[in-house]
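Input: a single structure, listed below in structure tokens.
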Amino acid sequence: MIDLHCHILPGIDDGAKTTDDSLNLIAAEKRQNVNSIVFTPHFNPEKVSVEQFCQARNNSMNRLTSSDDFAEYNISVKTGAEVYFSVKLKDIDIQPLCFDGTDYILIELPVNARPCGLTHTLRDIINKGYAPILAHVERYQYFTSDPTMLYDLVMEGCLAQVNAEAILGNGSSSSMALKYIKWEMAHIVCSDCHSIKHRPPNIKKAFSYIEKKLGKHYTDWLIKNSKDIFNGRYVDMPVIEKPKKILGMWF
């Protein structure tokens, strides 16, 4: 298992606060059979420069990896970022924000309103050779109300990620997360873990649920995609059909 979206680095965002918090989350990841992790602390280009963020991330990474207990977990780690969307992204050097050694970049969108310039900015990023991964797409109300918006971005070249927490929920987010996977419009499942109490790693349970609901070929596909992304390999995108609305339901 590989987790490509989490907030485990200590003291840098709203995730782990201390090194002990980070180690507890890593231990929980290991219990989920996760052996490779990309640390993705929040980055907002409207609030801080890339250079300032990278310095803070490096300090936090050094704080974690220099702890006495870290090496005992024998886990492969990389740094990245969860980048809040801004049209500024097309005007700055985003390579330091990508997953180490890859051109994949995790991008978070506003929850309630589709931002202006979304398609244009993402297209510019793609044309520069980067591969945007849209974070927790089940959260965005505009995608839920019209999944063809997400379809269009996937067809532009974006990947999409859903949270394990959403898969295991009971509301509309859970239903849409499963639909996105079934439609092959969501390509990876990640923990987005923040803390042991409030948002723990739960990838293993989520994959078991996906396999039960959709079949093992879906979980195999999701895991392969995560491995390819972690290793900087190209993800072979499937040919998918545009969702259709019939009698008020999306199919």
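The values are calculated or read from the model by the stated rules, or taken from the named source; none is laboratory data. Not measured: the values here are computed from a predicted model. Every residue, glycine among them, receives a Cβ derived from its backbone with ideal geometry; neighbour counts consider all protein chains shown. Only protein heavy atoms, including side chains, enter the accessible area calculation; ligands, DNA and RNA are left aside. Shrake-Rupley method; radii C 1.70, N 1.55, O 1.52, S 1.80 Å.
Miscellaneous remarks
- Within the stretch 1-32, considering residues that are open to solvent by 50 Å² or more (accessible area, probe 1.4 Å) and under 18 Å from the mean Cα position of the chain (by Cα), the one modelled with the highest pLDDT: Asp14
- In the stretch 67-76 there is no residue that is closer than 21 Å to Lys128 by Cβ, in contact with a strand residue (DSSP E or B) (Cβ under 9 Å, 6 or more places away or on another chain) and modelled with pLDDT of 95 or more.
- Among residues of the stretch 212-251 being loosely packed, with under 15 Cβ neighbours inside 10 Å and among the acidic types (Asp, Glu), the one that is farthest from Glu156 (Cα to Cα) is Asp220.
- Close pairs (8 angstrom Cβ cut-off, 6 or more residues apart or separate chains): farther than 21 Å from Leu9 by Cβ in the stretch 82-93, hydrophobic (A, V, I, L, M, F, W, C) and open to solvent by 60 Å² or more (accessible area, probe 1.4 Å) anywhere: Val87/Cys116
- Cβ pairs under 8 Å, 6+ apart, first in the stretch 49-71 and over 21 Å from Asp93 (Cα atoms), second of a type in the set (D, E, K, R) and open to solvent by less than 90 Å² (accessible area, probe 1.4 Å): none
- First in the stretch 216-239 and without any contact (Cβ under 8 Å) to a residue 24 or more places away in the chain, second anywhere and open to solvent by 40 Å² or more (accessible area, probe 1.4 Å), Cβ under 6 Å, 6 or more apart: Thr219/Glu211
- Among the conditions (1) open to solvent by 50 Å² or more (accessible area, probe 1.4 Å); (2) within 16 Å of Leu109 (Cβ to Cβ); (3) not in a helix (DSSP H, G or I), the only one that Arg123 does not satisfy is (3).
- Every residue from the stretch 158-200 that is free of Cβ contacts under 8 Å to residues at least 60 places away in the same chain and small (Gly, Ala, Ser): Ala160, Ala164, Ala166, Gly169, Gly171, Ser172, Ser173, Ser174, Ser175, Ala177, Ala186
- Criterion applied to Tyr151, Tyr180 was being among the aromatic types (Phe, Trp, Tyr), surrounded by fewer than 21 Cβ atoms within 10 Å (Cβ to Cβ) and in a helix (DSSP H, G or I), and the one residue passing it is Tyr151.
- The one condition from (1) touching a Cys at 6+ places or on another chain (Cβ under 8 Å); (2) open to solvent by 20 Å² or more (accessible area, probe 1.4 Å) that Gly80 does not meet is (2).
- Unmet requirement for Ile196, which otherwise passes all of (1) under 25 Å from Asp146 (Cα atoms); (2) surrounded by fewer than 17 Cβ atoms within 10 Å (Cβ to Cβ); (3) among the hydrophobic types (A, V, I, L, M, F, W, C): (1)
- Selection within the stretch 183-206: residues that are in a strand (DSSP E or B) and out of contact with any Pro (no Cβ under 9 Å at 6 or more places or on another chain). The member of this set that is modelled with the lowest pLDDT is Arg199.
- Options Phe39, Phe53, Phe99, Phe70; residue that is more than 20 Å from Arg199 (Cα to Cα), within 16 Å of the chain's Cα centre (by Cα), open to solvent by less than 60 Å² (accessible area, probe 1.4 Å) and among the hydrophobic types (A, V, I, L, M, F, W, C): Phe99
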